[in-house]
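Student: If you scroll down you'll find the structure; I have some questions about it.
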Amino acid sequence: MSHYKTMISQHSAEHLFQGPIAEEYQMLALICPSAAEMSRRVGSFVGEWTPPYPVEQLQVLEIGCGTGVTTTCLLAGREDIFIESVDNAPAMLAQARQNLAEALAAERLRLVENDALSHLLTLPDASVDIVASAYSLHNFLHGYRQRVLEQIWRVLKPGGLFVNGDRYAIDDAAEHLKNTQQEVGGYFRVFNELNRPDLLEQWIVHLFSDESEEHIMRLRPALETMTAIGFQNVKLHFRDGVNALVGAVKP
């Protein structure tokens, strides 16, 4: 019975962004400035991509809109897109609706409250031109992430693009540990200056989740998994510590 429960858990969505960490998610820009830069890189990557087939409006699925930082970059990157963005955290979506009100009013964007896998399962085969994400997939349990990647491949059109800016753990364990220690030191500096020990605790707990064996997304195995699923041109396009931009296409 315990094995069955573990298997179900590995393939279920988690609600990791609740309470103070969700309500004040903008603090990420202070403790991890590279996160905002990665959102810009994802937007630029999509903006510079040329589809290998004629299309008037690109259908984009964003996995994990959060408060809308990456969504804003995607919208700014090109005019010929419609974005459907999914997130399972109500507190994050509430902020996204405010931050993205103009795009929602212009009908360039639709926000969906759901977990990534459940939403992907509702989409038809080969119905999406681009799947984009930033700092979402590393939050998933391994089994759940595997199923999400398989479904991304299924819903992409042949020739479609998958781009992910995310935390990809450094394959060298010692180097990764050093990077994590530096990251924790940065958390303490920022939140001590702000006198916010409550948020320091929340982000440390979240980092422990990111670093757990059930979640951690190492770069080389991640790229190998994508290749095994069927993605082609699986490439690392940028890396700064654990922050990496990965792109691939469906043949």
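The values are calculated or read from the model by the stated rules, or taken from the named source; none is laboratory data. These numbers come from a predicted model, not from an experiment. Cβ placement follows ideal geometry from the backbone for every residue including glycine, while neighbour counts extend to all protein chains displayed.
Student: Considering only residues of segment 192-251 that are assigned to a helix (DSSP H, G or I) and among the small types (Gly, Ala, Ser), which is surrounded by the most Cβ atoms within 10 Å (Cβ to Cβ)? I'd like the intermediate steps shown before the answer.
Tutor: From segment 192-251, those assigned to a helix (DSSP H, G or I) are 192-193, 197-211, 219-229; that's our starting set.
Pick out the ones that are also among the small types (Gly, Ala, Ser) and you get 209, 222, 228.
Numbers: SER209: 14, ALA222: 22, ALA228: 12.
The selected residue is ALA222.
Student: Which members of segment 49-92 meet the condition of being on the phi > 0 side of the Ramachandran plot and assigned to a strand (DSSP E or B)? Please lay out each step first, then the result.
Tutor: Restricting attention to segment 49-92, the residues satisfying the condition of being on the phi > 0 side of the Ramachandran plot are 64, 66, 68.
Correct list: empty.
Student: Out of GLY143, GLY185, which single residue is modelled with pLDDT under 90, among the small types (Gly, Ala, Ser) and surrounded by fewer than 21 Cβ atoms within 10 Å (Cβ to Cβ)? First the steps, then the outcome.
Tutor: Values: GLY143 fails: modelled with pLDDT under 90.
Going through GLY143, GLY185 in turn, the sole match is GLY185.
Student: Determine, yes or no, whether GLU150 is touching a residue at least 60 places away in the same chain (Cβ under 8 Å) and assigned to a helix (DSSP H, G or I). Give the derivation first.
Tutor: Numbers: touching a residue at least 60 places away in the same chain (Cβ under 8 Å): yes; assigned to a helix (DSSP H, G or I): yes.
In short, yes.
Student: Return a yes/no flag: does segment 191-211 have any residue that is in contact with a His (Cβ under 9 Å, 6 or more places away or on another chain) and closer than 16 Å to SER34 by Cβ.
Tutor: Yes, some residue in segment 191-211 is in contact with a His (Cβ under 9 Å, 6 or more places away or on another chain) and closer than 16 Å to SER34 by Cβ.
Student: Right, next: Filter segment 38-55 for residues that are surrounded by fewer than 14 Cβ atoms within 10 Å (Cβ to Cβ) and of a type outside the set (A, V, I, L, M); which is nearest to the chain's Cα centre (by Cα)?
Tutor: Among those residues, the one meeting the criterion is GLU48.
Student: What number of residues in segment 35-83 are more than 22 Å from LEU149 (Cα to Cα) and touching a Cys at 6+ places or on another chain (Cβ under 7 Å)?
Tutor: 1
Student: Looking at ALA134, ALA106 in this structure, which one is among the small types (Gly, Ala, Ser) and surrounded by fewer than 20 Cβ atoms within 10 Å (Cβ to Cβ)?
Tutor: Numbers: ALA134 fails: surrounded by fewer than 20 Cβ atoms within 10 Å (Cβ to Cβ).
Only one candidate qualifies: ALA106.
Student: Here is a further query. Going through GLY68, GLY47 one at a time, which residue ends up being touching a residue at least 24 places away in the same chain (Cβ under 8 Å), more than 22 Å from ASP240 (Cβ to Cβ) and small (Gly, Ala, Ser)?
Tutor: GLY68
Student: Give the residue, chosen from THR180, THR122, that is assigned to a loop (DSSP other than H, G, I, E, B) and either out of contact with any Ser or Thr (no Cβ under 9 Å at 6 or more places or on another chain) or farther than 18 Å from LYS250 by Cα (or both). If you could, list the steps in order and put the result at the bottom.
Tutor: Values: THR180 fails: assigned to a loop (DSSP other than H, G, I, E, B).
Exactly one residue qualifies, and that residue is THR122.
Student: So, one more: What's the number of the only condition in (1) out of contact with any helix residue (DSSP H, G or I) (no Cβ under 6 Å at 6 or more places or on another chain); (2) surrounded by fewer than 22 Cβ atoms within 10 Å (Cβ to Cβ); (3) at pLDDT below 95 that ALA91 fails to meet?
Tutor: (1)
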